[in-house]
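The values are calculated or read from the model by the stated rules, or taken from the named source; none is laboratory data. All values reported here derive from a predicted model rather than from experimental measurement. For neighbour counting, all protein chains shown are included, and Cβ atoms are generated from backbone atoms with ideal geometry for every residue, glycine included. The protein model used for the area step is the full one, side chains on, heavy atoms only, and it has no ligands, DNA or RNA in it. Shrake-Rupley method; radii C 1.70, N 1.55, O 1.52, S 1.80 Å.
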Amino acid sequence: MAASATPLTSSPNLVRLCTRADLVAHSGVVAWHAGHQIAIFYLPGRPDAADGRSRQPEDAVDRSTQPEDATGDRLYAVDNRDPFSGANVIGRGIIGELQGERVVASPLYKQHFRLRDGVCLEAPERRLQTWPVALHGDEVVLLEADARA
């Protein structure tokens, strides 16, 4: 995403990161906010969601704290910077499931980071920062910290 995040006029605590049309099912896109590159991952819950791809298998376990919308779609937002290489590449990682958790695998050294909290499965002392995100109409929004308190 080339543009920086902008506050929505209807709510000062929501910051627009991108639009639903910018999302790629089962993949990541990157937005800029407050000096951070944020990797946003979109996991649709219905076959007719966004680009028409089918949903994840029914037996997939998701212990996410991220809310689902009415269609079962999930969004996750994590730091785009890989803590092992220092490169901004997490948004290009591969989404999967490992140990019953949805994860993104770093495209460089292949460590797996849980999408729900950013913890690295291979080295739990390393983690990606996470942000609460949601769909607000056709906008992907971030809930700013002062609204979470």
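Using modelled amide H (1.01 Å from N, peptide plane; none on Pro or chain starts), what sits under 5 Å from the amide H of Val89, excluding residues fewer than 5 places away?
For Val89, the qualifying residues are Asp82.
Rounded to whole Hz and in sequence order, give me ³J(HN,Hα) for the stretch 106-115 from the Karplus expression 6.51 cos²θ - 1.76 cosθ + 1.60, θ = phi - 60°, writing x for Gly and Pro.
Computed from phi, the couplings for the stretch 106-115 are 4, x, 8, 9, 6, 5, 9, 10, 5, 6 Hz.
Would you please state the base-10 log of I(q)/I(0) at q = 0.11, 0.16, 0.24 1/Å for the stretch 70-149, with intensities from the Debye formula using one equal scatterer on every alpha carbon?
At q = 0.11, 0.16, 0.24 Å⁻¹ the computed log10 ratios are -0.31, -0.63, -1.14.
Carbon and sulfur: what percent of the stretch 80-149's accessible surface (1.4 Å probe)? Don't jump to the answer; show the numbers that get you there.
Working: 1720 of 3580 Å².
Here it works out to 48 percent.
What are the residues whose amide H is under 5 Å from the amide H of Thr19, where those residues sit 5 or more places off or on another chain and H is modelled from the backbone?
Val140
Scan around Ala25 for amide H atoms under 5 Å from its own, H built in the peptide plane at 1.01 Å from N, and keep only partners 5 or more places away or cross-chain.
Asp51
Just add up the charged neighbours of Arg92: K/R +1, D/E -1, any other residue whose Cβ is under 14 Å from the Cβ of Arg92. Walk me through the numbers on the way to the answer.
On the way: positive: Arg81, Lys110; negative: Asp79, Asp82.
Local net charge: 0.
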